[in-house]
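Accompanying notes for the structure given below.
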Amino acid sequence: MTTDRRSLAQQAGMLCNLPAFGLYLDARARRDKGMTREQLPDGTHNAEDAADAVRRACGVESRVDLDRNEQAAAMYKRIVADFGRWKRRSES
């Protein structure tokens, strides 16, 4: 297994630009708010929304704080893991 040598801030920037991550956020928002796909269609969350969601969930003002704050880093890694599980389920 290869280790990503990019900083967490860099990884988060790349993650937030993935269209699939926006779809993941759409699916989570529908689940959390009890909404249908018609009420919150796929493609609702863009890269800026994704960056806001990551910062909010991690409790930071800037993604660079992911590299300085252990709790924020742990939450970011949980988000990545949750996204990975969602992606695998949605692809099968």
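The values are calculated or read from the model by the stated rules, or taken from the named source; none is laboratory data. None of these values were measured; they are calculated from a predicted model. Backbone-built Cβ (ideal geometry, glycine too); neighbour counts: all protein chains shown.
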Original post:
Just one of D52, D26 is part of a helix (DSSP H, G or I), more than 23 Å from R6 (Cα to Cα) and out of contact with any helix residue (DSSP H, G or I) (no Cβ under 8 Å at 6 or more places or on another chain); which is it?
Top reply: D26
Original post:
Is there a residue being surrounded by 11 or more Cβ atoms within 10 Å (Cβ to Cβ), outside any helix (DSSP H, G or I), at pLDDT 95 or above and of a type in the set (A, V, I, L, M) anywhere in region 67-76?
Top reply: no
Subject >> Residues satisfying the stated conditions in region 60-92, i.e. over 18 Å from G13 (Cβ atoms) and more than 10 Å from the chain's Cα centre (by Cα) >> reply: E70, Q71, A74, R85, W86, K87, R88, R89, S90, E91, S92
Original post:
Among the candidates E38, E61, which residue alone is touching a helix residue (DSSP H, G or I) at 6+ places or on another chain (Cβ under 7 Å) and loosely packed, with under 11 Cβ neighbours inside 10 Å?
Top reply: E61
